[in-house]
Amino acid sequence: MIHAQQSGLVSFVMRTVGGRPREIRRAIASVAANDWRPLEVVVVYQGAENTQWEDLQKLPAEFADIDVKVVRNPASGDRRAENLNIGWAQASGRHLGFLDDDDTLAPNHVSLLLAALQATGKTWAYAQVTLRKENADLEIVSESTPFRRHAFSLKSLWSENFLPIHSFLIDRSQLRSALTERPFHEELDRSEDWDFLLRLAFYHEPAVVEEFTATYHVSTVGGNTNLSLMDSAGRQDRERLNREAWARCKAIVENRKATLAATVWWGNDYFGLPVPGAAVQDQPAAPSPTVARRSLRERVIRKLIRLLERLL
């Protein structure tokens, strides 16, 4: 049964560098199979005007039941975050999700997430994701659920990203102003989705859907679509560039965390960050009444946080 209510159009942004015609069509077909209308997919292709670009332009006719837009980013280098921002700007829906070109959604993904948003009034909601390993013929090798968490915890997200980019749906009409335009940090070619999620979750608590409605596909064959490494001459160069990219992006994300934590009085304590300007003393000083009071307050805060996280 197709559902259509006052929420209206739901958009999905898909970025691709081409080379995956089977996977791209499988991903879009999984959107089209959803029991919600109207639906839109914005495909952002980064690459040259070649046969891959010509093939992608066939997609709107192949999926006439939903609205498919195909746009091209001619930029060179790894512009994965920029591609997401282009799709964000091109998308027409109030509600927006993402889908990598080799992943899929279940038919009830959209309707369940929208129902959670409408029931809770929250700005975003996420569902559970299955990890599926597959061979060159896209046949299942194994399945697991490593992303599953019993409850959402901002503190856990601070440590690692356990939310694949296609697990959530956002109500853009309720977003904090800093997240409404070009929300992805374009200097990142790693962890760009985590950086976005840190800000999204810091300002907006999510609704959680317990059902598994999305699949994260991993090929056992391998293959590299990372544009920052594709022009590298050899394996050692690729490994070096990869290490440098991860180090650079980690520094950006860590700075983001520190900036967010500094905006609230409890931030550094909650996330286990050092207090800015704190000096290391050569000799331990005798505790003062002020320090004792602060320690008691910190213990109370930690206890309340643990209680709240168990209730979520």
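Here are the numbers for this structure:
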| item | result |
| --- | --- |
| Residues of region 147-171 that turn out to be farther than 17 Å from ASP100 by Cβ and either part of a loop (DSSP other than H, G, I, E, B) or open to solvent by 60 Å² or more (accessible area, probe 1.4 Å) (or both), as a count | 9 |
| Some residue of region 76-88 being surrounded by 15 or more Cβ atoms within 10 Å (Cβ to Cβ), more than 30 Å from VAL209 (Cα to Cα) and of a type outside the set (Ser, Thr, Tyr) | yes |
| ASN34 being closer than 24 Å to LEU163 by Cα and assigned to a loop (DSSP other than H, G, I, E, B) | yes |
| Test for ASP137: is it free of Cβ contacts under 8 Å to residues at least 24 places away in the same chain and acidic (Asp, Glu) | yes |
| Subset of region 3-14 [open to solvent by 40 Å² or more (accessible area, probe 1.4 Å) and either over 16 Å from ASP171 (Cα atoms) or of a type in the set (A, V, I, L, M, F, W, C) (or both)] | HIS3, ALA4, LEU9 |
| Flag if VAL129 is open to solvent by less than 30 Å² (accessible area, probe 1.4 Å), farther than 30 Å from ALA245 by Cα, out of contact with any helix residue (DSSP H, G or I) (no Cβ under 7 Å at 6 or more places or on another chain) and β-branched (Val, Ile, Thr) | no |
| Subset of region 158-194 [among the charged types (D, E, K, R) and over 22 Å from LEU113 (Cβ atoms)] | GLU160, GLU181, ARG182, GLU186, GLU187, ASP189, ARG190 |
| Leading residue by the ranking (nearest to LYS250 (Cα to Cα)) among those in region 172-191 that are open to solvent by 10 Å² or more (accessible area, probe 1.4 Å) and part of a helix (DSSP H, G or I) | ALA178 |
| Top-ranked residue of region 226-238 - restricted to ones that are open to solvent by less than 90 Å² (accessible area, probe 1.4 Å) and under 25 Å from the mean Cα position of the chain (by Cα), ranked as modelled with the lowest pLDDT | LEU229 |
| Residue list for region 19-32, restricted to those being in contact (Cβ under 8 Å) with a residue 40 or more places away in the chain and crowded, with 16+ Cβ neighbours inside 10 Å | ARG20, GLU23, ILE24, ARG26, ALA27, ILE28, SER30, VAL31 |
| Flag for ALA116 being modelled with pLDDT of 95 or more, outside any loop (DSSP other than H, G, I, E, B), open to solvent by less than 10 Å² (accessible area, probe 1.4 Å) and of a type outside the set (Ser, Thr, Tyr) | no |
| Residue in region 19-30 that is assigned to a loop (DSSP other than H, G, I, E, B), of a type in the set (Gly, Ala, Ser) and over 23 Å from PHE184 (Cα atoms) present | yes |
| The lone exception for PHE98 - which of (1) more than 30 Å from ILE252 (Cβ to Cβ); (2) touching a strand residue (DSSP E or B) at 6+ places or on another chain (Cβ under 6 Å); (3) surrounded by 13 or more Cβ atoms within 10 Å (Cβ to Cβ) it fails | (1) |
| GLY93 being among the small types (Gly, Ala, Ser), open to solvent by less than 50 Å² (accessible area, probe 1.4 Å) and in contact (Cβ under 8 Å) with a residue 40 or more places away in the chain | yes |
| Test for GLY93: is it at positive phi and either in a helix (DSSP H, G or I) or not β-branched (Val, Ile, Thr) (or both) | no |
| Qualifying residue in region 92-109 (condition: closer than 16 Å to ASP35 by Cβ, in contact with a Phe, Trp or Tyr (Cβ under 7 Å, 6 or more places away or on another chain) and hydrophobic (A, V, I, L, M, F, W, C)) | no |
| Of residues in region 46-75 being open to solvent by less than 40 Å² (accessible area, probe 1.4 Å) and of a type in the set (S, T, N, Q), the one farthest from ARG15 (Cα to Cα) | ASN73 |
| In region 7-34, the residues that are closer than 26 Å to GLN118 by Cβ and polar (S, T, N, Q) | SER7, SER11, SER30, ASN34 |
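The values are calculated or read from the model by the stated rules, or taken from the named source; none is laboratory data. None of these values were measured; they are calculated from a predicted model. Here Cβ is always computed from backbone atoms with ideal geometry, including for glycine, and neighbour counts include all displayed protein chains. With ligands, DNA and RNA removed, areas are computed over all heavy atoms of the protein, side chains included. Shrake-Rupley method; radii C 1.70, N 1.55, O 1.52, S 1.80 Å.
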